[in-house]
Structure formats: C-alpha cells, structure tokens
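As structure tokens, the structure follows; a few thoughts come after it.
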Amino acid sequence: MAPKAIKKIKPTTFLIIFFTINSLFNHFLSAAKHDHDHNHNHHNTFSRNRSSKELGLKREKLSHLHFYFHDVLSGKTPTAVKVAEAQMTNTSTTAFGKVLMMDDPLTVGPERSSKQVGSAQGIYASASQSEVGLLMVYNFVFTEGKYNGSTLSILGRNSVLSPVREMPIVGGSGLFRFARGYAQARTHNLDAKTLDAVVEYNVYVIHF
Ligand SMILES: *[C@@H]1O[C@H](CO)[C@@H](O)[C@H](O)[C@H]1NC(C)=O
Ligand SMILES: *[C@@H]1O[C@H](CO)[C@@H](O)[C@H](O)[C@H]1NC(C)=O
Ligand SMILES: *[C@@H]1O[C@H](CO)[C@@H](O)[C@H](O)[C@H]1NC(C)=O
C-alpha cells in the first residue's frame with residue numbers, strides 16, 4: 001500500500017511537500033532561536049535595551065486584593081514563632097529586639113475555616129522603643145486560581161495599635177512581576193490574652 005501511494009505522488013507535488021516541510025522546519029528553528037534571543041542575553045553581553053513587549057509584558061493594571069491574615073501565637077500549632085530577642089527585650093515596654101518568623105494563612109473570610117488563598121511568610125520584629133512598631137519583611141504567597149505560585153513582597157512598618165497600617169509592596173513574581181503598591185492592614189480581631197490576631201488586608205498593586 002505505502003510504496004504504491006508514494007509512486008502516485010507527482011514530482012511537483014513532492015517538491016511542494018518538500019518545500020513546505022523545509023520552510024516549516026526553518027520556521028520552528030528561527031522561532032526557537034528568536035525565543036532564545038528573547039529570554040537570554042548573549043554570552044559576554046552585560047546589558048541590553050529591551051522593550052516590555054519583548055518580555056511579553058502587555059498592559060499595566062491595578063488589582064485590589066482582599067483577604068484575612070491569621071497570626072496564631074498560642075496553642076500546639078502556632079503560625080508565628082519567636083526566633084530571637086535581645087537581653088534587654090524583657091525590660092522593654094515595646095518588646096524591642098524581639099524577632100518572630102511567621103507562616104500565616106490568608107483566607108477569603110475572617111473565619112479560619114474559610115477558603116485559604118495563600119500565606120504570609122516572613123519575619124516581623126519589634127523595631128521601636130517608644131511604641132509598638134514592627135518591622136515587617138515578608139512575602140504573600142498565593143495559591144488561588146491564576147495567582148497560584150505568584151508572590152508579593154512587603155517591606156514596611158506596622159504600628160499594630162493604629163486602626164489602619166500601610167505598608168509598601170516593593171515587588172512581586174509571576175503574575176505580579178514589576179509590582180508596586182501598598183497594603184492596608186486593619187485588626188479584625190485580637191485576643192488580649194494570647195495576642196492571636198486576625199487582620200483584614202486590602203492590597204492595591206500595579207503590575208503587568
Ligand atoms: C540604550 O538606550 C539608551 C537611551 O536610548 C542609549 O543611550 C544606549 O546607548 C542604549 N544602549 C544599548 C546597549 O543599546
Ligand atoms: C530578662 O532576661 C534575662 C535573660 O536573658 C534575665 O537574666 C533577666 O533576669 C530578665 N529580666 C527580667 C526583668 O525579667
Ligand atoms: C498550585 O500549583 C501547584 C503546582 O505548582 C499545584 O500542586 C497545586 O495543586 C496548585 N493549587 C491550586 C489551588 O491550584
């Protein structure tokens with residue numbers, strides 16, 4: 001069957017097929033080369049001018065994210081733990097020098113049982129001697145839908161006793177490449193005994 005079929009193909013048809021395959025092959029080859037050129041610098045080239053289109057970046061947009069942050073210090077499964085403090089921390093009214101590491105869940109509603117959309121991972125430390133003021137250095141790591149795997153990085157000051165605290169978003173990854181913006185935090189619930197807190201977040205972020 002097969003040899004017969006080949007015999008029936010006219011030389012012109014064969015040539016057309018040959019050139020079609022050949023040009024397709026070249027197309028893929030050059031596309032692959034093009035891709036390579038887009039994503040990597042040439043060897044021994046330190047810096048190049050690039051357009052945002054070349055990097056696949058389209059329109060810049062402003063997103064508003066809303067979620068609740070659960071900081072649990074008490075119980076058998078705390079989400080924030082003390083990792084260091086100074087000798088004088090226990091003499092300071094503001095716990096100056098105390099450093100905690102957190103991996104706090106983020107949920108759509110204020111209840112811990114509501115849908116988790118990510119976590120807040122990083123460090124917070126008491127950085128003020130005159131009032132309770134925290135240095136916050138952490139990442140929002142999202143797991144929800146198209147945001148799964150994307151992150152936002154926060155570096156800011158959190159005066160936890162103020163009704164609204166604003167912290168800058170200094171960057172992001174994945175869907176949040178080139179991110180900048182701010183996060184507003186409001187304490188939703190604070191357990192005076194354990195200091196476990198639920199914090200409402202409104203995040204405004206410009207990204208591509
Ligand atoms: C990049 O663009 C700047 C300003 O347009 C220009 O001065 C510079 O020479 C360019 N650099 C390269 C490596 O093309
Ligand atoms: C604070 O902690 C240190 C140990 O780091 C201890 O020697 C000191 O007695 C403590 N001071 C108070 C006021 O609890
Ligand atoms: C997020 O992505 C990871 C792999 O990168 C996958 O294992 C996980 O199921 C995804 N989660 C959701 C909620 O889509």
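Stretch Glu166-Phe208 to full length: gain in nm at 0.36 nm per residue minus the Cα-Cα span? All intermediate terms of the calculation are to be shown ahead of the outcome.
Values: separation 42, 0.36 × 42 = 15.12 nm, distance 2.24 nm.
12.9 nm is the gain from fully extending Glu166 to Phe208.
Work through the residues other than Lys61 whose Cβ is under 15 Å from its Cβ and net out their charges, Lys, Arg +1 and Asp, Glu -1.
Taking every Cβ under 15 Å from that of Lys61, the sum is +4.
On the first, second and third principal axes, largest extent first, how far apart are the outermost C-alpha atoms of region 61-207 in Å?
47, 30, 26
Per residue, how big is the convex hull of region 105-170 when only Cα atoms are used? Give it in Å³. Could the numbers behind the result be given before it?
Details: hull volume 6.3 nm³, N = 66.
So the per-residue Cα hull volume is 96 Å³.
Applying the Karplus parametrisation 6.51 cos²θ - 1.76 cosθ + 1.60 with θ = phi - 60° to the phi angles of region 147-157, what ³J(HN,Hα) value in whole Hz is obtained for each residue in order, glycine and proline being reported as x?
After applying 6.51 cos²θ - 1.76 cosθ + 1.60, I find 7, 3, x, 8, 10, 10, 9, 10, 9, x, 10 Hz.
Suppose accessible area is computed on protein heavy atoms with a 1.4 Å probe; arrange Arg59, Arg165 from highest to lowest.
I get Arg59, Arg165, largest accessible area first.
Once the other residues with Cβ under 11 Å from the Cβ of Ala120 are scored (Lys, Arg +1; Asp, Glu -1), what is the net sum?
Residues near Ala120 contribute -3 overall.
How far, in nm, would the chain grow between His188 and Ser92 when pulled straight, counting 0.36 nm per residue and subtracting the alpha carbon separation?
Contour length minus the Cα-Cα distance gives 31.9 nm.
Relative to the Cα centre, what is the charge dipole magnitude of region 61-207, using +1 at the beta carbon of each Lys and Arg, -1 at the beta carbon of each Asp and Glu, and rounding to the nearest 20 debye?
In total the dipole reaches around 320 debye.
With the full set of protein chains in place, find how many percent of the accessible area of region 61-207 is carbon and sulfur; take the probe as 1.4 Å.
56 percent
What FRET efficiency comes out for the pair Glu200/Asn44, r = Cβ-Cβ distance, R0 = 45 Å, nearest 0.05?
Computed FRET efficiency for Glu200 and Asn44: 0.30.
Pop out the ³J(HN,Hα) list for region 185-191 in order, Karplus 6.51 cos²θ - 1.76 cosθ + 1.60 with θ = phi - 60°, rounded to Hz; leave Gly and Pro as x.
Once θ is set to phi - 60°, the couplings for region 185-191 become 10, 10, 5, 8, 7, 10, 7 Hz.
Once label points are set 7 Å from the Cα along Cα→Cβ at both Ser159 and Gln116, what is their separation, rounded to one decimal in nm?
That separation, rounded to one decimal, is 3.4 nm.
The values are calculated or read from the model by the stated rules, or taken from the named source; none is laboratory data. Being a predicted model, the structure only gives us computed values, none of them experimental. Methodologically, a virtual Cβ is constructed for each residue, glycine included, from the backbone with ideal geometry; neighbour enumeration extends over all protein chains shown. Just the protein is used for accessible areas: all its heavy atoms, side chains included, with ligands, DNA and RNA removed. Shrake-Rupley method; radii C 1.70, N 1.55, O 1.52, S 1.80 Å.
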